[in-house]
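Notes for the one structure printed next.
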Amino acid sequence: MSTKAEKSRLIYQTIGWPIGTGTVTPKPEELEEITEFAFKSRVGLLFLDECVNRGVALGPKALELHGSLMARRRETDRVVAKLARRLDEVAKGEWTLFKSIKPFASTPNDTDWFPFDAKRHKALIDHLCAPGGGFKWMETAPRQTTLIEEGGDGVTDTTKKGGIYYIDCYVAPSTDYFIYLDPRRMRGYTEILEIAGYSVPILQPHAELTSILFHNVFPEKSFNIESYYLVKRYLDLMEERGTIDSFVDVCREQKVEYAAAVNLALARDIDAAQFAITDPRINRILDQLGFSDLKIKGFDPTGAFPYEFPASVFWRAFASKQRDRTSFLSTLNQFVHMLNPVFFADVVRIVWRRTVKGGVYEQN
């Protein structure tokens, strides 16, 4: 097994859809070869859990990764609960996690959160970093401050390798100065999940998926195996709660209809190519969003993952988001800051890497 396409197909057919209904059981020698690829595709723990459930004998590499990912999940949960306790001391009900807790076995690279009132960001950072607070400053970006939990002192760096200890504290969900999710509109879209014995606020499935799908296109510019399972599992949760129409409403409210449709169109094609199924929920949503016939040029659902969105998709999603006043004003703010030659060069470098040179995000 040498190609990415072959590895991707084995992962899909092992996990299956729904999760746990895979029809392929990897051979031990295949497992050793595919383990790292599954990890980079952000489904390492999900894939290896399915192998263990099937009674597949894990080789040394797979066994080591499975153990380390389970430990990483437990330790991340500890850090998340510690963060939540600390924030709740001064801002209970005024913040939420996003893009951090997945509806299946996973190990995030970092923990993301934002306050509903962006003006409280600095005070909350100061509270977390106060003596005895348990968190330390690492770096600051235009709309984001990265902290590390004290257990990561001396073992963390800016690559976020190993995850666990990294906390991305957003003024508002954004890329540089460009805000892609208005935090004020997310108030009332949260629910509580118990993590490591503590009640932690997370976004409800229909709001969470809205955030994830735009972020996949801008700035990540990629759709990986995990992306497919996120779409499908969140659709399950929305169907159970009767919030599929609410998801469409949030997409419209946040002006992310195109970005959401692009992701859904890819999931629709993967359904057909990998599992020979049709998901009427996806067709219904695409129709409501006005993209029932959307096809993404060059996408091969049986091909290699991660798939890198074309630059045309990347920029159309950005342009479409400009209909949102908050995002439009943040774009103007971005342009003003680019008058600084140093900042301008940094932005050009990032844009070149994302839209011309390529380079999609992988788990590390």
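State whether one or more residues within segment 88-97 are hydrophobic (A, V, I, L, M, F, W, C), surrounded by fewer than 17 Cβ atoms within 10 Å (Cβ to Cβ), farther than 29 Å from Leu213 by Cβ and not assigned by TED's automatic domain parsing to the domain that holds Ala172.
Among the residues of segment 88-97, not one is hydrophobic (A, V, I, L, M, F, W, C), surrounded by fewer than 17 Cβ atoms within 10 Å (Cβ to Cβ), farther than 29 Å from Leu213 by Cβ and not assigned by TED's automatic domain parsing to the domain that holds Ala172, which makes the answer no.
Of the residues Arg86, Arg120, Arg54, Arg73, which is out of contact with any Leu (no Cβ under 7 Å at 6 or more places or on another chain), of a type outside the set (Asp, Glu), at negative phi and at pLDDT 95 or above?
Of the residues listed, the single one that is out of contact with any Leu (no Cβ under 7 Å at 6 or more places or on another chain), of a type outside the set (Asp, Glu), at negative phi and at pLDDT 95 or above is Arg120.
Residue-by-condition table, conditions (1) within 30 Å of Ala130 (Cα to Cα); (2) touching a Phe, Trp or Tyr at 6+ places or on another chain (Cβ under 7 Å); (3) crowded, with 18+ Cβ neighbours inside 10 Å; (4) among the acidic types (Asp, Glu):
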site: Gly55; (1), (2), (3), (4): no, no, no, no
site: Lys61; (1), (2), (3), (4): no, no, no, no
site: Leu65; (1), (2), (3), (4): no, yes, yes, no
site: Leu69; (1), (2), (3), (4): no, no, yes, no
site: Arg85; (1), (2), (3), (4): yes, yes, no, no
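Please enumerate the residues belonging to segment 88-119 that are part of a loop (DSSP other than H, G, I, E, B), among the charged types (D, E, K, R) and in contact (Cβ under 8 Å) with a residue 12 or more places away in the chain.
Correct list: Glu94, Lys99, Lys102, Asp110, Asp117.
Here are some residues: Gly188, Gly132, Gly151. Which one is surrounded by fewer than 20 Cβ atoms within 10 Å (Cβ to Cβ) and either under 29 Å from Ser41 (Cβ atoms) or touching a helix residue (DSSP H, G or I) at 6+ places or on another chain (Cβ under 8 Å) (or both)?
Going through Gly188, Gly132, Gly151 in turn, just one is surrounded by fewer than 20 Cβ atoms within 10 Å (Cβ to Cβ) and either under 29 Å from Ser41 (Cβ atoms) or touching a helix residue (DSSP H, G or I) at 6+ places or on another chain (Cβ under 8 Å) (or both): Gly151.
Please indicate, with yes or no, whether at least one residue in segment 179-200 is free of Cβ contacts under 8 Å to residues at least 12 places away in the same chain and not acidic (Asp, Glu).
Checked against the condition, which is being free of Cβ contacts under 8 Å to residues at least 12 places away in the same chain and not acidic (Asp, Glu), segment 179-200 yields at least one hit.
Anything in segment 279-333 that is of a type in the set (Asp, Glu) and under 20 Å from the mean Cα position of the chain (by Cα)? List them, or say none.
Residue satisfying the conditions is Glu308 alone.
Condition test on Ile202, is it modelled with pLDDT of 95 or more, within 18 Å of the chain's Cα centre (by Cα) and either in a helix (DSSP H, G or I) or within 19 Å of Leu286 (Cβ to Cβ) (or both)?
no
So which of Thr159, Thr111 ends up being among the β-branched types (Val, Ile, Thr) and surrounded by fewer than 19 Cβ atoms within 10 Å (Cβ to Cβ)?
Sole residue among the options that is among the β-branched types (Val, Ile, Thr) and surrounded by fewer than 19 Cβ atoms within 10 Å (Cβ to Cβ): Thr159.
May I ask you to list the residues in segment 148-175 that are part of a loop (DSSP other than H, G, I, E, B) and either in contact (Cβ under 8 Å) with a residue 40 or more places away in the chain or among the charged types (D, E, K, R) (or both)?
Asp153, Asp157, Thr159, Lys160, Lys161, Gly162, Gly163, Ile164, Tyr165, Val171, Ala172, Pro173
Against the definition (under 13 Å from the mean Cα position of the chain (by Cα), at pLDDT 95 or above, acidic (Asp, Glu) and closer than 28 Å to Ile11 by Cα), how does Glu226 come out, yes or no?
Judged against the criteria, Glu226 is a match.
With the requirement that a residue be assigned to a loop (DSSP other than H, G, I, E, B) and either buried (at least 24 other Cβ atoms within 10 Å of the Cβ) or touching a Lys or Arg at 6+ places or on another chain (Cβ under 7 Å) (or both), what does segment 206-230 give you?
Of everything in segment 206-230, those that are assigned to a loop (DSSP other than H, G, I, E, B) and either buried (at least 24 other Cβ atoms within 10 Å of the Cβ) or touching a Lys or Arg at 6+ places or on another chain (Cβ under 7 Å) (or both) turn out to be Pro219, Lys221, Asn224.
The values are calculated or read from the model by the stated rules, or taken from the named source; none is laboratory data. Every value quoted in this text rests on a predicted model; they were computed, and no experiment measured them. A quick note on method: Cβ atoms are made from the backbone with ideal geometry, for glycine too, and the neighbour counts reach across all protein chains shown.
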